[in-house]
Every structure is written in structure tokens, then in C-alpha cells.
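Computed from the coordinates by the stated procedures, all read-outs in this text should not be read as laboratory data. All values derive from a computational prediction rather than experimental measurement. Don't worry about glycine lacking a Cβ; one is built from the backbone with ideal geometry, like all the others, and counts go over all protein chains shown.
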Amino acid sequence: MSTLMFEGFPKDLVVGDLADGSVTLTVDAAVYPLEAVYGAAYIFIDRCFVLLDRPKAGSVSVTLTDKKGAADAGALRQMAGEFANELLTQAWRQKIVEENRVLLETVTMQALAGATATPAEPSLDDLANFDFTEEAFDDPLGIAMSWEEKYKKKTPAEVAGEAPAEGAPEGKP
Amino acid sequence: MLAGIEKPSVTFPAFFRVREVSGSFVVTNAQGDWVVLTAPEFKAFGEGTVERGTDLWDRLKVANLIRSEFDVPAAVARLKKRMKFLENGPNLHMLIVTLRCNETCVYCHASRADMEAVQTDMSAEVAEKSIELALGSPSPFITIEFQGGEPLVNFKVVKHAIEYGQRRALEVGKSIEFTMVSNLALMDEEKLSFLLDHKVQICTSIDGPEHLHDKQRKLIASSAFKAAVHWINRINQAYIERGLDPSLYHVEALLTTTREALSRGREIVDTYKSLGCRALHLRPIDPFGFVEKTASRVEYPREEYLKFYRDTTDYIIELNKKGEQILERYAAIFLTKILNGEDPNFLDIRSPSGAGISAIAYNYDGLVFAGDEARMMHETGDDTFLLGRVGELTYDAMMKHPTIRSLVLASNVNGRPDCVNCAYNPYCGVDGVHTYKTQGSISGRMRESTVSAVHKGIMDYLFEKIRENDPGTMEVFRRWTINRARDHFVQVPG
Ligand code: SF4
């Protein structure tokens, strides 16, 4: 076993093993939902053997082992990086899909209904009831409003109910 | 903060997305309305200090970007207009009539087979079953596109499919159109007469000037370029002889932009011009078919491609200003969405993308795939997007296939990280099969996607031009958004 650390990654979270051609990432389960870990891990199964584990409460570990067993340090770092980026993408995508459910479902239903000549439910016409202006309050770019302004818009009860978990990206403005 | 905005207003702007392009700010909304603002204008917009009655107020109001003035019916109407393509099921049905090909291309997308590989020919029976499945689409109008390999290699089945398709479309009361993508080297007068008599639209591939084309597309013992040019001229002449308007009816060609092409933009345009082509699609090379194996020879970084795109499109615009009529296809697609608020239904740049819901590929062996890229992946060993087999699969089962539903959901830009924040969201789209191939997932990672980089780069270029507002350029752009239907090729029942 020859343990490897990778430049740019926290050494306690990403560890490689050159002899095995593997890299293990430890993921904080409070930051990334398990579905995102599954989704990100899955994209590696054509190239790697993938093993998920729970080394301790609140953590998930993902070991990616190069199927050919021939990965060098650069290739392992690349795998770790790609996994990390995919994990973020999957986690964020999940949130986006939840938030945009109305639009996504409407368009999907309309597309499938169009393709099978059946009435769509919901259909694009139902978007007349959709509040296009309200979306601005999500302000993904942080331009239209400051965090404080966004915060002020909510009732105290809402704010209490929505306080992000400690360590979550929105927890510290 | 962008443009020095100090105190952003929560009450003035309606929902918007923004992108800084060369010092200006492209602001769009969910429906695809847009304005290009200077930095002070964007600051005023962001801070909500725009005075009613000013030019800026009026421009923002027209673009439905002022919250207090927001016009919901207009927004819904615009969104519906842009998404009209959702109404009618798949209309593009690609029949891969053979994998055999007489040419060998350095980047071959189609995963070709040698000329002896007759087992890769589609049978007449599979062609008929494919057409039956295609006619199950609720779309009142279907296009059957013959592809390969080289479709002329299996002309017997092409002929049969055309005759069968014409008869059956008539019987079920649908309009039908046939197109064929061919390198033309195996064309002869008899085949041409048949194709012309049956109103088949013919399209070819031209990779640029003769030396480049012949270097990339090898034809044993002769010039692939000369063969293609001979038949382009012959077909164009035949259209004129049949009384068709040559400005509308002529052979168009497809370009594959390899590394070597990047330094030859002008020569490529001049070649297309000399052949009478009026459209040039500066497509970058894609990862399907055989290109992976030859990637080191033909691939290139996307910044190089975008420089090529800008320089070449500048040149095309200049030619147009001098009276030539030739458009760049990417620009035409995006401009139609941006300037007209309509989607030209280009399946790879659509949200949701066309794979499955708008385009189906029927392989020579009867296997059915969610689009041609999906079919090419099968040839390289991946059946992720296989929907079933003709004769067994019903149209309804095909459209309700979970693979299609997943692709529709995953390729919606409103469910994709990066795209949800991107100012180009209303005009864009990236095919889920492509992201699966390149990044392992059907939703993809747009920050790392070469397709996203290309789309962003091209739209940056177009919005720079729109901001410059040169009357000559804008007139050219306007012309590029006019889609003249080629009715001659559409065979209407009754
Ligand atoms: S694919 Fe890229 S350019 Fe297109 S909407 Fe998404 S992020 Fe923007």
C-alpha cells in the first residue's frame, strides 16, 4: 500500500493508493445528500470499480478503483477531481429540480403529451398561473438583492424554520 | 458586484439573468426577451433607479423586465411560441440503411463498415417496419432521412423505402419528406432521376477546399471532392431544368470542422460559395463514431475553435454585405430564437433536446434509438439509449419509454446547474446523449462541457454584434432568421 495525497485536496478527505490504482474520497453527509453521492459515483462505473462505505456517522466514503489497475497519480487526481465536480453538480441539480419542479414538469408533460397526442396535464397554458416575477427572489446571481434583503423578506417563523444546517454553504453570509 | 451596483433593488427588476459581454450586459428573462445594457444602464436597472418615461424604461418595459409592469399573458404567449415544437411528437426519422461506405473519413461519425460488410445492409422488411413505426407519430408531417454509412450503397432498399413510405403516408393522410445524406460518389443518372422524380432532398458533405476534403475523406483511386462537386453541379442543374427556384433548391453541404480546418475558414467559405451552397454550419467535431480513436489528430481546444468561428463568421457577414447570400447555421439558429422569439427546432440546441421526442434513429438491423448519436453509441458498444426493435416496439411504448422521459427531463436547461443561471438559457440546449458520452451523465456538467463553451462563445459573439447595431450586419442577421420552406420536397396527401 502506498498512500498518496493530492495537491489541492484536503489530505484527510482524499487519499489515493497507487498500488491498488484507487482513490478514496470522504464526503460529509450533511453537505451532500446521499442521492447526489450515488449519482456522482454511478458515472464512474464504466471506468472504475466503485465502493461506497460509511466510515463513521455523518460520513460517506467513495472508493474509485481503476478497472485496469494502472492509474498513475495524475490519473487518480483527475478521477478525484471529476468526482468532486460531479458531486457538486448532482447536489445542486437536485435542489434546482426541486425549485423548478413546476416548469420542468410542465414542459416534460407537454413534450410527452405532444409525442403521444394526448392532452397535457399540466400544460403550457397552466403557466398563466405561474408567477414569473416571483422567481427573481431566488436571485441566483446575488445581484438583484443582498442576502440581508432576502432575509428581511421572510417572517421570523419562516426564518427560524429555514435556518440552514451548520456548515451548509448558506449558513454563513 | 456587477457594474458597481451598490444597493440592489428587490422590487424593480422582474426575474432576469445577466451576462457581461465585452463590457456590456446582456439581460434576459425566462421567456427569452432581452436587452443589452451599458454598465451605467445596468447599474440603474439593478438599483431600481430607472426613471419612467426614459428610453431605458421603455426598453426594459418592452423586454418585460420591470416587475411592476410585468405582463403575464405576454410572458406565457412568448414562452408558448418558443416551445411550439413540443406539440407534435417526432418528425425526424433516420433510417441507417447500411453501415457500408465507399469513403474513409478521418473522423467518421457513423462508425462505418467496409464495402464487403453486406450484413450491415438494412433489409426491405426492416425499412417497411421502420416506416410503419415512424408513421405512428401524431405529427402530421414526417421526414425520413436516409443515412449510413453511405446510403447509395444500399440504394435498392432506399428506393423501396421511398415507394413504400409515399404510399403509406398517403394512406394514413400524413405529409412526408425524404432527405438523403450522401457523399455522392456512387451517384449515377439513373439513381438521380429516381431521387428527383420522388422529390428526395439531397445533402452532401464538403470539408473545405479540394486538398483538405480529399485529405480527410479518402476515396480509393479518385478524388472524393471532384466526385461530390460533379454531382452537386449536376443536381443543381437538374433542379433548374425542373423549373425550381435555384435560390431555394440546391444541394446544401455539411462541414466537419477538424483541426486542419481551423486555419482555413475563408477557403472553406469560398468553396461553399463556389458550389452554390447558401448555408454553412461551422460545427465543431463531436465525440461520436470513430473520432475518439483519431482525436489527437483532428480535435482541438474550444478557444481555438471559437476564434475560427468568429473570424469565419465575420468573413461571411462581409460577403453578405456585398450581396452574397450565404448564412452561418449556428448564428441563424440562435438569432431566430433571439430576434424572432421562435425556435427553429434544431434538435441538438433545444430544451428539452430532440433525442427521442423529436428524432428517432432506425438502425440497419431494426434496433431503434433515441436519435442518431444514441445509435452511434450502440456501434461503439453502449446500448444505454436503445428503445427496442421495429416490429416489436409500438409507437406508444416507444414514447413512454423511461429513457425518453429521462432525456426530456435531464436536457431541460431549467434543471441544469449553470444553465439555470445563464443569460443564454432561453436560447440554448445541450443534448443529454452528448453529455452522457462526454461526461458520463445525461444532465452533464456545463462548466466543463465543450458544447456549452461553444454555445456561450457563439452567443457572446452574436450579442456583441447586436450591441454594435451596425445596420448592415443587423440586416444580414434579419435575413438569416427567415426560414423559406422548401415545399417542393413535401409530399402532401390528397
Ligand atoms: S449550455 Fe452553457 S450556454 Fe447554454 S444555457 Fe447552459 S450554461 Fe448557458
222 nm [θ] for chain B, helices only, -39500 (n - 2.57) per DSSP H run of 4+, per residue, to 500?
-12000 deg cm²/dmol
Which value, in debye to the nearest 20, gives the size of the charge dipole of the range B:169-323 about its Cα centre, when Lys and Arg are +1 and Asp and Glu are -1 at the Cβ?
300
Tell me, what is the FRET efficiency for B:E163 and A:V102 to the nearest 0.05, using R0 = 56 angstrom and their Cβ-Cβ distance as r?
0.75
Pop a pseudo-label 7 angstrom from the Cα along the beta-carbon direction at both B:K215 and B:A124 and give the gap in nm to one decimal.
4.5
How long are the semi-axes of the equivalent ellipsoid of the protein assembly as shown, defined as square roots of 5 times the Cα gyration tensor eigenvalues? Whole Å, largest first.
42, 32, 25
Go ahead and collect, in residue order, the members of the range B:425-454 whose backbone nitrogen is under 19 Å from a label point 7 Å along the Cα-Cβ direction of A:D46.
B:430-452
Expressed as a whole number of Å, what is the distance separating the alpha-carbon centroids of the range A:56-131 and the range B:83-135?
30
Which whole-Hz ³J(HN,Hα) couplings does the range B:380-389 yield from phi under the Karplus relation 6.51 cos²θ - 1.76 cosθ + 1.60, θ = phi - 60°, glycine and proline marked x?
9, x, 10, 9, 3, 9, 6, 9, x, 10
Between the range B:369-398 and the range B:219-240, what is the C-alpha centre distance in whole Å?
33
Express as a percent, rounded to the nearest 5, the fraction of DSSP beta bridges in the protein assembly as shown (both residues included) that run antiparallel.
60
Assertion target for B:C203, B:C428, ordered by fewest C-beta neighbours within 10 angstrom first, is B:C203, B:C428
Estimated dipole of the protein assembly as shown in Debye, rounded to 20 [Cβ of Lys and Arg +1, of Asp and Glu -1, Cα centre]
720
Identify the residues of the range B:456-494 with backbone N under 11 Å of a label point that sits 7 angstrom from the Cα of B:N340 along the Cα-to-Cβ direction, or state none.
B:478-485
If you stretched the chain out fully between B:D188 and B:D311, how much longer would it get, using 0.36 nm times the residue separation minus the C-alpha to C-alpha distance?
40.5 nm
Trypsin sites (Lys or Arg not before Pro) within the range B:77-119: which are DSSP loop residues with at most 11 other Cβ atoms inside 10 Å?
none
Report the FRET efficiency, 1/(1 + (r/R0)^6), for B:R52 and B:S22, where r is their Cβ-Cβ distance and R0 is 25 Å, rounded to 0.05.
0.25
Which residue, chosen from B:A14, B:G136, B:N425, occupies the Cα position most advanced towards the positive end of the dipole of chain B, where the dipole is computed from +1 (Lys, Arg) and -1 (Asp, Glu) charges on Cβ about the Cα centre?
B:A14
With +1 on the Cβ of every Lys and Arg and -1 on the Cβ of every Asp and Glu, and nothing else charged, how large is the dipole of the range B:89-389 about its Cα centre, in debye rounded to the nearest 20?
380
Averaged over peptide B:8-16, how many Cβ atoms belonging to another chain are found within 10 Å of each residue's Cβ?
6
Quick one: check the C-alpha center-to-center distance for the range B:43-70 versus the range B:432-464, whole angstrom.
32
